Amino acid sequence: MEKKKIITLIIFITSIIILILYMIFNHVSMHQPINNEEEYIDEIIEYHNDIDPKLIELKDLYNKNKDLYGWIKIENSVINYPVMYTKGEDYYLYKDFYKKYYKAGSLFVDKNNNVTPRDINLIIHGHNMKNGTMFGYLPRYKKEDYYKEHSKITFYTLDTKEEYEIISVFVSKIYNTYDEDYRYYKFYNTENEEEYNEFIDYIKENSLYDIDKTAKYPDKLITLSTCDYTEDNGRLVVVGRKVN
């Protein structure tokens, strides 16, 4: 009987050790250095930080994966990525460009957006990675000085180059169905100027600091959304207005 207790104890301790080692490995693999992220980009194209994405042959990339919708870049940040789109599903939440499992996922357009024709507000989601990759740099916009140095967003589609100026940075959350709060993530498209103004009023009133620039109907918008860990289901949101 004593021997069985010893064996049971050994099995229990071994299981605990294996669990701890798995958790350590899982944490390390999820928060790899940024250099690994650069290697990931290198696998997609011949990538250099000093190359303007306008030189990237998006059509060649599109031929490799027809879920590619565009490319987003914010100068002097690691936000310089392909943007994916799959109507009706969050397929790229944990998938890379090659459709392989990847904890950091990819940047992707909201599953409820329409891109042909394009909705008035394009919502792009991405993980807030602790190593700064994907949308891990967005929380830096909580500081006004960072916004002032990174106020422009460039977005490329297969045949256009679009420039956006940031008009709001705010914190929100994903609300329960019974909550009556305004849901920024439900505003995709409208032909109603009043609905458009309601969205603009909300993002301006809730901006973390004053930004002089704003938008008027029917200006096109781009909304970048990532997790904010200051509250449950929190979101950090950056909204830009198309200027050309």
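The values are calculated or read from the model by the stated rules, or taken from the named source; none is laboratory data. This structure is a prediction, so every number in the text was calculated from the model and none was measured. Cβ sites come from the backbone with ideal geometry, for glycine too, and all protein chains shown count toward neighbours.
Just a few scattered comments:
- Residue identified as closer than 21 Å to Val109 by Cβ and touching a Leu at 6+ places or on another chain (Cβ under 9 Å) among Tyr156, Tyr185, Tyr137: Tyr156
- Residues in the stretch 119-142 that are more than 21 Å from Thr160 (Cα to Cα) and either assigned to a helix (DSSP H, G or I) or more than 12 Å from the chain's Cα centre (by Cα) (or both): Lys130, Asn131, Leu138, Pro139, Arg140, Tyr141, Lys142.
- When residues of the stretch 91-118 are limited to those that are under 12 Å from the mean Cα position of the chain (by Cα) and assigned to a loop (DSSP other than H, G, I, E, B), the one farthest from Asn189 (Cα to Cα): Ala104
- Filter result for Asn189 (in a loop (DSSP other than H, G, I, E, B), under 28 Å from Tyr94 (Cβ atoms) and out of contact with any helix residue (DSSP H, G or I) (no Cβ under 8 Å at 6 or more places or on another chain)): yes
- Any hit, the stretch 120-130, residues being out of contact with any Asp or Glu (no Cβ under 8 Å at 6 or more places or on another chain) and of a type in the set (Gly, Ala, Ser): yes
- Number of positions in the stretch 56-73 that are touching a Leu at 6+ places or on another chain (Cβ under 9 Å) and of a type in the set (Val, Ile, Thr): 1
- When restricted to residues that are touching a residue at least 60 places away in the same chain (Cβ under 8 Å), hydrophobic (A, V, I, L, M, F, W, C) and not in a loop (DSSP other than H, G, I, E, B), the stretch 192-218 contains 1.
Quick grid of which residues meet (1) surrounded by fewer than 16 Cβ atoms within 10 Å (Cβ to Cβ); (2) of a type outside the set (Val, Ile, Thr); (3) under 19 Å from Lys148 (Cβ atoms):
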residue: Tyr164; (1), (2), (3): no, yes, yes
residue: Val169; (1), (2), (3): no, no, yes
residue: Asn176; (1), (2), (3): yes, yes, no
residue: Asp201; (1), (2), (3): yes, yes, no
residue: Lys242; (1), (2), (3): no, yes, no
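- Top-ranked residue in the stretch 177-226 [being basic (Lys, Arg) and under 22 Å from the mean Cα position of the chain (by Cα); ranked as nearest to Val115 (Cα to Cα)]: Lys220
- Scanning the stretch 57-90 for residues that are assigned to a loop (DSSP other than H, G, I, E, B), among the acidic types (Asp, Glu) and free of Cβ contacts under 8 Å to residues at least 60 places away in the same chain yields Glu57, Asp67, Glu89, Asp90.
- Boolean, Tyr164 is part of a helix (DSSP H, G or I) and within 17 Å of the chain's Cα centre (by Cα): no
- Condition check for Lys152: modelled with pLDDT under 95, more than 22 Å from Glu231 (Cα to Cα) and among the charged types (D, E, K, R): no
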